[in-house]
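Values quoted throughout were computed directly from the atomic coordinates according to the rules given, and no laboratory measurement underlies them. Since the structure is predicted, the reported quantities are computational estimates derived from the model, not experimental observations. Every residue, glycine among them, receives a Cβ derived from its backbone with ideal geometry; neighbour counts consider all protein chains shown.
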Amino acid sequence: MAWHDGTVTAPLTPPHQPGPHDPWQAPPSGSHPAPSEGRTDNPDTATELRQAAVVLVAVALAGIVLGLLWLWLAPRVPLVSDDTAVFLKNSEGEEAIGADGTFVLLALGFGALSAAAVFWRLRRGGVLVVVGLALGSLLAALIAWRVGVWLGPSSDVVARAREAGRGVTFDAPLELHSAWVAVLAWPFAAMGIHLLLTAAFGPRDVEPDWSGYAGYYDGPVQGPLAGPGPGSSPSPPAGGDRT
């Protein structure tokens, strides 16, 4: 006797109606990832550009204060003339190195303060604010350098030696011997402190709530992909007739 197996089966659900546990079905109503609360008040691009411009100008103007402090605190290099040439009064003095060190220490302090102020006022500021802080710090260091040189002793050493007279001590022009190292101290300090503050106290994105999907994807698989139920015997090979 010949018999036909029942290996060809129809899906348990019509094609136009997905199963209740279809992984590609839209999530159930009321179950969706929670929105990130950390981005609700992030500024748009135009606002961020304005904030970056304000930061750049404010930090750059602070360079005037650094220049005045450097002029006040930097040690002077004493010079002396004998009517034929100008010499260092103390050839082993460290006043020139002290001027550079004073500028670097002040720049590091101003960099830390500017980074803390920007982070406190614009904690949720984006990349443009950080760029404004970096450019403003570099511009501020350049302004401080020029202000100290401009307001300090004249760079015309010969004229000052003639004015002072023979054997009279006068101050050398205020200058930076390692100019770019000193100028970059402010922006490096500002970027480093701002990065540390952002990592330690910056806003955090809230993790999405996936609890609404737990019962949706944990149900049994139905339809053609479902395997044989418990206690059922495997079907014979498709298309096989047994006599």
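One table, with the values for the structure above:
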| item | result |
| --- | --- |
| In Hz, Karplus ³J(HN,Hα) per residue of the range 189-202 (6.51, -1.76, 1.60; θ = phi - 60°; x = Gly, Pro) | 5, 5, 5, x, 5, 5, 5, 5, 5, 5, 5, 8, 10, x |
| Part-to-part distance (alpha-carbon centres) for the range 127-150 and the range 182-199, which is given in Å | 12 Å |
| When the convex hull of its Cα atoms is projected in every direction, mean area for the range 107-202 (nm²) | 7.3 nm² |
| Under Karplus coefficients 6.51, -1.76 and 1.60, residue-wise ³J(HN,Hα) of the range 136-141 in Hz, glycine/proline x | x, 5, 5, 5, 5, 5 |
| In Hz, Karplus ³J(HN,Hα) per residue of the range 117-126 (6.51, -1.76, 1.60; θ = phi - 60°; x = Gly, Pro) | 5, 5, 5, 5, 7, 10, 5, 9, x, x |
| Formal net charge of residues neighbouring ARG76 (Cβ-Cβ distance under 9 Å; K, R +1; D, E -1) | -2 |
| Neighbourhood net charge (15 Å Cβ-Cβ; Lys/Arg +1, Asp/Glu -1) for VAL118 | +3 |
